[in-house]
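Asks: Sending over a structure as structure tokens; questions will come in a sec.
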Amino acid sequence: FELSFPVVGTARAGARTHDVSELSGADRRVLVVDDDAAIRTLTAGILASHGYNVTTASDVADAFAVAERFERSGQAFDLVLTDFVMPGGNGRELVDRLRRVRPSLPVLYMSAYTHDAILRHLARHGEVSILEKPFTPIGLLERVHEELSRARSVPGSGA
């Protein structure tokens, strides 16, 4: 008999590939927000296993409460990795609230709904960075690394 499996995680034309050791978090602090517990746990685990200091939240209200607690203690997140579509609010509302306190906060949206007209519009105008679900561990690490690198290269970003 013959087994056939779909190809997963193939490199896109022109896509950069990194050695996983280059994608270390070096203790960078990431807030992961997703209403799906399995995705939240898996995403946090991948990032933590590569040196990121990860805090999770299950929805917009929870994420905002966590962020406020960190701000009060004098700490801040280096990146927010948030689902775009969630019950009780969306990732854009969360980011708008968080950026009232820290306007240059780097954000990477995750979404399985990239056909969503609002998300497409924002991406076309360079207003958001999107990580499409499902994603591979290396894809996640590359995108997080890219967003943190971009934030470091922007004067006054504070990342």
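The values are calculated or read from the model by the stated rules, or taken from the named source; none is laboratory data. Being a predicted model, the structure only gives us computed values, none of them experimental. Every residue, glycine among them, receives a Cβ derived from its backbone with ideal geometry; neighbour counts consider all protein chains shown. The accessibility values were calculated without ligands, DNA or RNA, using every heavy atom of the protein model including side chains. Shrake-Rupley method; radii C 1.70, N 1.55, O 1.52, S 1.80 Å.
Asks: Pairs under 8 Å by beta carbon, first residue open to solvent by 70 Å² or more (accessible area, probe 1.4 Å) in the stretch 62-76, partner in a helix (DSSP H, G or I), six or more apart or different chains?
Replies: Glu71/Val101
Asks: Shifting gears a bit: Within the stretch 17-114, considering only strands (runs of 3 or more DSSP E) that don't extend past its boundaries, which have at least 2 residues that are closer than 19 Å to Arg150 by Cα, modelled with pLDDT of 90 or more and in contact with a Leu (Cβ under 6 Å, 6 or more places away or on another chain)? Break it down stepwise before answering.
Replies: Numbers: elements: 29-33, 53-57, 79-83, 107-111.
Fully inside the stretch 17-114 and qualifying: 29-33, 79-83, 107-111.
Asks: If you don't mind, another one. Just the residues that are under 17 Å from Asn53 (Cα atoms) and either modelled with pLDDT under 85 or open to solvent by 50 Å² or more (accessible area, probe 1.4 Å) (or both), please, taken from the stretch 115-142. Reasoning before the result, please.
Replies: Applying the first criterion (under 17 Å from Asn53 (Cα atoms)) to the stretch 115-142 yields 137, 140-142.
The answer is Pro137, and nothing else.
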